[in-house]
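Asker: Okay, here's the structure, questions in a sec.
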Amino acid sequence: MYSQLKNKFSNPLILGSFIVMAGTTVGNVFNYLFHVSMGRFLTPADYGTLMALISFISIFGILTTTITTVVIKFVSSSNAVGSLGEITHILRGIYKKTIFIVFFGIIMFQFLFSPIESFLNIHDRFLLDISIIGVFLGFFGAINSGALQGLQKFHIVALLGSGGSLLRLISALIFVYLGFGLRGAVVGFFLSFFLPYILTFIPLKKYFLHKESRKRVYFREVLKYSFPVLIAFGGLSSFINTDIILVKHFFLDIDAGHYAALSVIGRVIFFGTSSISLVMFPIIAAKYEKRENYNLTFLLSFVLVFIASSSALVFYFIIPKILIQLLYFQGSYLIEAGNLGLMGIFYTVYSLASLFISFFLSISKVKIVLFSILTSILQIVLIWNFHDNIRQVITSSVIASSVLLVILVLYYIYYIYNAERKK
């Protein structure tokens, strides 16, 4: 019995997922406390504004997800063949190109402040300044995070992730307690990314200081891979952020706060299962590079995500009021309790679609993932035309994400069938 359990947990996917999930669980507890605290100490209107800013950062953080994924892909491939010099070359090269992106972004945002303030109905320039600094900092943090994941240093990723969540909670509470209100919450959110980023240089020191390989990595190949990754994660990011921004635009501030609360609880499903996708990507990318069988790893990942998300979904339908009360103490949040199950369906479908996209990117099947941006546009069109109430908004998200999942499943079946025929 002991040897069987040991063999199961020695599986890189299960062991890595367990480590990351443990770190994610601890981090989610602190995130839970963060939202409980901010939902309690801020007004629903300020809390809705805070969530809109976080969503704003996430949308412009599409590039960070792209950078992370590209770094994972190329670092894991170089690590699979034991080339430390190639990893050094990749990291230095991507850092140089990211500096150019940040410089261009700083210039671009000088012309966008007023339209953003107007659309989000936010008239505090400080809030947007801090948010945009966070966006640019995230680009550099994405490189280091991708390197750690590509090197399969999952314990460090888990430790820094949970530590950042704890820092976010403590700093936000301190600033809000001192009377800085919404500004304090936003500054606390910023610090939770800045300090962990600095710490990532400790385990990556030798990779940045090592002599670069003479075998140059052609960054044209990196850019060629980056574009569809950007489109894919742009679509995925839009799915879970644009809805909040549109609700902030179309609804009253208090309604936006209620919707933000539903979204936060719904995201528990995605963040609770995202560790599986995070671990799966570098493992399958390495197996793909070595021409080893990777399909069983994906199927195991799919089963784990499906079981975990479906189990959580049951509670969203059975005890929605209890789940909302666990997070938010103000009774006004219970008004949307009847929509929590539907929000759970959206995030279950979204989690499965996200897993498929990570799989296809890990084996360089990049064309199919472009459907994520098309279906995210479908979501925007549906919400723009059907927003009489919160339930219509969530239904629009469920429809659009379901279309994406069906397309990805059908392509997976087609891909596996053709792969088997070629053997």
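Read-outs: derived from the displayed coordinates by stated rules, not from any lab. Since this is a predicted model, take the numbers as computed values, not measurements. Cβ placement follows ideal geometry from the backbone for every residue including glycine, while neighbour counts extend to all protein chains displayed.
Asker: Between beta-carbons, use under 14 Å as the cut-off and find the net charge around residue 189, counting Lys and Arg +1, Asp and Glu -1.
Answerer: On the way: positive: 168, 183; negative: 46, 129.
After counting each charged neighbour, the total is 0.
Asker: Under the Karplus relation 6.51 cos²θ - 1.76 cosθ + 1.60, θ = phi - 60°, what is the ordered set of whole-Hz ³J(HN,Hα) values for region 377-383, x standing for Gly and Pro?
Answerer: 5, 4, 4, 4, 4, 5, 5
Asker: So what is the relative contact order of region 2-422, in percent, for Cα pairs below 8 Å that sit 6 or more residues apart?
Answerer: Values: 558 pairs, mean separation 99.5, N = 421.
Reported relative contact order: 24 percent.
Asker: Follow-up. Determine the sum of side-chain charges near residue 153: Lys and Arg each +1, Asp and Glu each -1, restricted to other residues whose C-beta is under 15 angstrom from that of residue 153. Kindly include the intermediate steps, with their values, before the conclusion.
Answerer: Values: positive: 205, 206; negative: none.
Surrounding charge for residue 153 is +2.
Asker: Got a sec? How would 239, 103, 371 order by Cβ neighbour count within 10 Å, fewest to most? Spell out each step's value before the answer.
Answerer: On the way: 239 25, 103 11, 371 19.
With the fewest neighbours first, 239, 103, 371 line up as 103, 371, 239.
Asker: Ok, one more. Using only Cα atoms, find the angle between the long axis of helix 181-199 and the longest principal axis of the chain, and express it within 0 to 90 degrees, rounded to the nearest 10.
Answerer: 10
Asker: Which entries in 73/96; 206/367; 206/365 show an alpha-carbon gap greater than 26 Å? Before the final figure, lay out each step's value.
Answerer: Values: 73/96 18 Å; 206/367 35 Å; 206/365 32 Å.
Exceeds cut-off: 206/367; 206/365.
Asker: Local charge sum around residue 58 (other residues, Cβ-Cβ under 15 Å, Lys/Arg +1, Asp/Glu -1)?
Answerer: Details: positive: 168, 248, 267; negative: 243.
Summing Lys and Arg as +1 and Asp and Glu as -1 gives +2.
Asker: Take peptides 344-350, 39-45 and line them up by average Cβ neighbours within 10 Å, highest first, as a rough protection proxy.
Answerer: Numbers: 344-350: 25.1, 39-45: 17.6.
The peptides rank, most packed first, as 344-350, 39-45.
Asker: Scattering from the C-alpha atoms of region 303-380 alone, worked out with Debye: what is log10 I(q)/I(0) at q = 0.25 1/Å?
Answerer: Here log10 of I(q) over I(0) equals -1.09.
Asker: Here is a follow-up. Take residue 300 and residue 123, extend 7 Å from each Cα along the Cα→Cβ direction, and tell me the distance between the two endpoints in nm.
Answerer: 5.7
Asker: For region 2-422, what ratio Rg/Rh do Cα atoms give with a Kirkwood hydrodynamic radius? Walk me through the intermediate numbers first.
Answerer: Numbers: Rg = 21.0 Å, Rh = 22.1 Å.
Rg/Rh: 0.95.
Asker: Express in whole angstrom the spacing between the alpha-carbon centres of region 229-300 and region 354-423.
Answerer: After rounding, the separation between the Cα centres reads 12 Å.
Asker: Provide 267, 168, 125, 92 in ascending order of the number of other Cβ atoms located within 10 Å of each residue's Cβ, fewest first.
Answerer: 125, 92, 267, 168
Asker: By count of other Cβ within 10 Å, fewest leading, how are 388, 129 ordered? Before the final figure, lay out each step's value.
Answerer: On the way: 388 8, 129 13.
Result, fewest neighbours first: 388, 129.
Asker: For the chain, what is the calculated [θ] at 222 nm in deg cm²/dmol (nearest 500), taking -39500 (n - 2.57) for each run of four or more DSSP H residues and dividing by its residue count? Spell out each step's value before the answer.
Answerer: Values: 17 runs with 357 residues, N = 423.
The per-residue figure over the chain is -29500 deg cm²/dmol.
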